[in-house]
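We did not get these values from a lab; they are worked out from the coordinates using the rules stated. Just so it is clear, the structure is predicted and the values come from calculations on it, not from any experiment. Note: ideal-geometry Cβ built from the backbone for every residue, glycine included; neighbour counts use all protein chains shown.
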Amino acid sequence: MQTSGTDHLARSRRNRFTAVRLNREVELRDDATWVTETLTKPNTRLVPLWRSRSLLERSADGTTAIYLSPKDLTEPDRIQPPTLLGNDGKREYFAVSVTDSQKDDILAVFPDACFADLRRASIDMAAKHAGILAYAKALHYWQHRHAFCGVCGHPNRLRSAGHRMVCSNEECSRESFPRIDPAIIVLVTHKDACLLGRNAKWPPKQFSTLAGFVEPGESLEDAVVREVHEEVQLDLEDIRYVSSQPWPFPASAMCGFYAEAVNRDSGISEEVDETRWFTVDSLTTAVLDDKVRLSPTVSIAFRLLADWFRKSGGGDLEDLVRRQRR
Ligand SMILES: [Zn+2]
């Protein structure tokens, strides 16, 4: 019998960008000899990032992640030393930052590839590779935004194969670690309906679940209660954690919840300037008639809604979105 803990693990593994298939080899990160040797092995794969964009190739069959062999990249440490990601049972993966000229060299070798935004491209990618690229992108973002010590301003140096930074000022020597910003995302329901909100800055017809960052001094559940009240002035009577998702756009960990509201008297706010309650039937009609556009299918926002839709008898929401008459 599964415990609720493994239920959550299984549910989170269904979310895009969970790189759980990689053994992160934490114990090897400080073994400089092993790292140097592994970086030259022909079997090793490098995950190139240029200006936070991933190397991808698009075809009629979907999007493929392009990895490099060590021989494909000259001077791999010109910006930052490569970062150890882990082993997939066959080989090690390292993330590498590439310069503008290295980017041009790579694209000359892979003329059908391009450096592109992972968020959009991941929709039709194999889950394993979307996870590896998301993991690489998250570390790359942190490394490039923490180039200097936050205490004394001296340059930071990467250590532990890219997973730790140490201030180069010996008197300071402050350590820092990859930063993740926890955020909650919640599908609010009331009996047979769920609530979706809209922000005026979003594209037309776009509606989604409510979300916000967790503040210092709050539990995840406190953040759910506060955000829902701030954004749509609803009180909740039941909150249930569902699953989580790494969301490296740029550095979030999304914690997904369902929450049952005490009534449907939802209001609006600066962040949410329109709300709508949907039953399975009204959401079906709104999606098919292109009155409502939902979050990308790779997002936990979509996953929360799709699971509610299925459990409420609505069937496959992804299929419904594909049939949207745009
Ligand atoms: Zn310092």
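Comparing S168, S97, S243 in a Gaussian network model of the chain where C-alpha atoms under 10 Å apart are linked, the largest mean-square fluctuation is found at S168.
Here the label points at R157 and S282, each 7 Å from Cα along the C-beta direction, are separated by 6.2 nm in the simple model. By other beta-carbon atoms within 10 Å, ranking V298, V186, V166, V292 with the fewest at the front produces V166, V292, V298, V186. From helices alone, the chain scores -8500 deg cm²/dmol at 222 nm; the rule is -39500 (n - 2.57) for each run of n ≥ 4 DSSP H residues, then divide by the residue total.
Straight-line cross-link partners of K201 among the lysines, defined as a Cα under 24 Å from its Cα and at least 8 positions apart when in the same chain: K291. Over the range 180-293, with a single point scatterer placed on each C-alpha, what log10 of the ratio I(q)/I(0) does the Debye formula yield at q = 0.23 1/Å? Listed by q, the Debye log ratios stand at -1.38. DSSP beta bridges fully contained in the range 4-145 are about 75 percent antiparallel. Restricting the range 66-115 to trypsin sites (Lys or Arg not before Pro) that sit in a DSSP loop and have at most 12 other Cβ atoms within 10 Å of their own Cβ leaves K90. Can you tally the net charge around R58? Count Lys and Arg as +1, Asp and Glu as -1, for every other residue whose Cβ sits under 10 Å from the Cβ of R58. Within the 10 Å Cβ shell, the charges total -4. In this Cβ point-charge picture (+1 for Lys and Arg, -1 for Asp and Glu), the chain has a dipole of about 1000 debye about its Cα centre. The alpha carbon centroids of the range 226-297 and the range 107-143 are separated by 28 Å. What is the list of residues in the range 150-183 whose amide nitrogen lies under 15 Å from a point 7 angstrom out from the Cα of W34, following Cα to Cβ? Within reach of a label on W34, which here means backbone N under 15 Å from a point 7 Å along Cα→Cβ, the range 150-183 contributes 160-163. Loop-located GluC sites (Glu not before Pro) in the range 206-293 (DSSP state other than H, G, I, E, B) with a sparse environment of at most 14 neighbouring Cβ atoms within 10 Å: E270. Amide H contacts of Q206 (H built 1.01 Å from N, in plane; Pro and chain starts excluded): R293 sit under 5 Å, all sequence-distant by 5 or more or on other chains. Of all DSSP bridge pairs formed entirely within the chain, close to 75 percent run antiparallel. Convex hull of alpha carbon positions in the chain: directionally averaged projected area 19.8 nm².
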